[in-house]
1. Classify segment B:1-117 from the C-alpha gyration tensor, please: rounded if a/c falls under 1.5, else prolate or oblate depending on whether a/b exceeds b/c.
2. In chain A, which helices (entire DSSP H runs) extend 24 Å or more along their own long axis, judged by Cα positions, while averaging at least -1.0 on the Kyte-Doolittle scale?
3. Suppose a student asked you for the relative contact order of chain B, using Cα pairs under 8 Å spaced at least 6 residues apart; what percent would you report?
4. To the nearest whole number, what is the average tally of beta carbon atoms from other chains within 10 Å of the beta carbons of peptide A:75-85?
5. Based on the Cβ-Cβ distance of B:Glu39 and A:Leu121, what FRET efficiency does E = 1/(1 + (r/R0)^6) give at R0 = 25 Å, to the nearest 0.05?
6. Please arrange A:Trp155, A:Trp21 by counting, for each residue, the other beta carbons lying within 10 Å of its beta carbon, fewest first.
7. Build a GNM of chain A with springs between Cα atoms under 10 Å: which of A:Leu102, A:Leu121, A:Leu81 gets the top mean-square fluctuation?
8. Just B:Asp11, B:Asp142, B:Asp40 to compare: in a GNM of chain B, with alpha carbon springs under 10 Å, which one fluctuates most?
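The numbers here are math on the coordinates, done by the rules we state, and not lab data. Only a predicted model underlies this, so the values are computations on that prediction, with no experimental measurement involved. Every residue, glycine as well, gets a Cβ built from its backbone with ideal geometry; the counts of neighbours run over all protein chains shown.
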Amino acid sequence: MAGKPKLHYTKGRGKMESIRWLLAAAGVEFEEQFVETKEDLEKLRKDGHLLFQQVPMVEIDGMKMVQTRAILSYIAGKYNLYGKDLKDRALIDMYVEGTTDLMGMIMYLAFQPPDAKEKNLALIIERATTRYFPVYEKVLKDHGQEFLVGNHVSWADVHLLEAILMAEECKPDILSPFPQLKAFKGRISNIPTIKKFLQPGSQRKPPADDKFIAEVKKIFNI
Amino acid sequence: MSGKPKLYYFDGRGRMETIRWLLAAAGVEFEEQFCETREDLLKLRQDGHLLFQQVPMVEIDGMKMVQTRAILNYIAGKYNLYGKNLKERALIDMYVEATSDLNEIIMHHPLQPPENKAKHLASIIEKATMRYFPVYEKALKDHGQDFLVGNQFSRADVQLLETILMAEECKPDILSKFPVLQVFKARISNIPTIKKFLQPGSQRKLPLDAALIPKVISIFNIGNE
């Protein structure tokens, strides 16, 4: 059945947010059905809609796709955001795995017990500023191009912008040692589809608050 | 510089094992350089060989590739083990992400504190037999073909076999309720490149010996980074 992709997830960022970003960047309109209670999740499972009993799930092109990376790879491939050959794809994959690792740390911060939060936040900032951002800063500086890979916008650019904005929510001046990334952030944020996604009223989700975390824990039995 | 791919990791399965499986299945000879101490890892970092300071790292086709999934995707793409179009790739990706999830849980089992081990093992067995294996059993049963996707050998078949064998190490009769997977296991094990990899003396690594756990923890500074 053709039509807009339909996203099944909780009404928050989590593992679905990168998918929202990529669809939005590609200019693809999508619908969302939110899992608000444990019963909602159980119903999706009982009705056989979740291949491995998990969300994210995205209905797209006649498939009920699951597994975040599978979904992202499909969208990137379909909308020409995955480079032009195997070697471009290799670079894009390396870069997005790096930003995935960083964003994963930030995502789990909200679920840490209070005494671990401070230590983990410090680790996130250390990793962002000594392990991850220096790599992307150097890549952009070395080739002097607008985009990370192959002189063409790709999934890697969208994902890095998402990671930068999440990191800035942890520490607003986190980009201060990274002039290339500051320029990159300005540039990618101005791409029309992305600019639209960054405006209030879009389907972009806010950071999780304590109330939302409590709901998510109940839904997923964490 | 052409030549055989060269794998940088410690002398054990960990995150590199799936890469060894895929190269072997593709019939690609490879070399390995092992990190035996933390200093070995630090040297690789200091010499600028690790993009994000981490292993696995594979030197292949002039690149120093890092990130397990990036490496696997590249090998699969290069050696025609990734399906023939975007939809087949989507199906393969879904299948291998799930086997990866199960592998990840099994990989962490030796690192569980003793008081957690039994519960953790039970959780592995439950996930394998209730969440993952039924999916592959049904997929193979429904289309009746030899391979998971597109009637053609792919990384999904290799990765599923790897996972099945790891799960059997946890519980030898774990496939007892999955007749189609039992046949699949035998069939894929008999593919010549894979058969060779399954023989003693290959580069396939053994399960992590309990005695080696402190060494692994020390090399990777697990718990502190």
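1. oblate
2. Sorted by number, the helices that extend far enough and score high enough are A:86-109.
3. 27 percent
4. 1
5. Approximately 0.25, to the nearest 0.05.
6. Going from least to most buried by this count: A:Trp21, A:Trp155.
7. A:Leu121
8. Sorting by GNM fluctuation, first place goes to B:Asp142.
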